[in-house]
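A quick write-up on the structure given underneath.
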Amino acid sequence: MSDYNWCHGPRCHERHTTTRVRGVKGSKVLRTIKINVSGQYPQGVYKYFCDQTCMHDFFWKHVQEFVALHPRTECLETPIEDPKKVQNQYGWVHTEIKAVDNA
Ligand SMILES: [Zn+2]
């Protein structure tokens, strides 16, 4: 098992940052970021993406595939108590919405 992942951002290797410059003088390239996942490895999605830009690029490129894999064919609902107007100590009024406690 490898101890790194290549960033999955579809345009990671096209972004103009010094952290992507590799190669010898006269033969430089912009290379996909290598993410170290051993030891103090990044958690969650950042095991696969070097930053939010690459994560968003990946999402926008593949969103139709995600939706096809995980379709939502009906709405979801969370039971709530009747909303109440509440005034805080500074006089601001907001609408308090509480989920029904199903404990
Ligand atoms: Zn990247």
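The values are calculated or read from the model by the stated rules, or taken from the named source; none is laboratory data. No experiment lies behind these values; they were computed from the predicted model shown. Every residue, glycine among them, receives a Cβ derived from its backbone with ideal geometry; neighbour counts consider all protein chains shown. In case anyone asks, the SASA skips ligands and DNA or RNA and just uses the protein heavy atoms, side chains included. Shrake-Rupley method; radii C 1.70, N 1.55, O 1.52, S 1.80 Å.
Things worth noting here:
- Residues in region 57-88 that are among the polar types (S, T, N, Q) and modelled with pLDDT of 95 or more: GLN64, THR73, THR78, GLN87.
- Any chance VAL24 is open to solvent by less than 90 Å² (accessible area, probe 1.4 Å) and of a type outside the set (S, T, N, Q): no
- Filtered residues of region 48-84 (kept if open to solvent by 60 Å² or more (accessible area, probe 1.4 Å), within 16 Å of the ligand (Cβ to nearest atom) and part of a helix (DSSP H, G or I)): GLN52, THR53, HIS56, PHE59, TRP60, LYS61
- For region 8-21, the count of residues that are hydrophobic (A, V, I, L, M, F, W, C) and within 13 Å of the ligand (Cβ to nearest atom) is nonzero.
- Among the residues making up region 85-101, those that are without any contact (Cβ under 8 Å) to a residue 12 or more places away in the chain and in a loop (DSSP other than H, G, I, E, B) are ASN88, GLN89, TYR90, GLY91, TRP92, ASP101.
Here is a yes/no grid of residues against (1) under 22 Å from ASP3 (Cα atoms); (2) touching a Lys or Arg at 6+ places or on another chain (Cβ under 8 Å):
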residue: ARG20; (1), (2): yes, yes
residue: LYS25; (1), (2): no, no
residue: THR32; (1), (2): yes, yes
residue: ASP51; (1), (2): yes, no
residue: GLU65; (1), (2): no, no
residue: HIS70; (1), (2): no, no
residue: TYR90; (1), (2): no, no
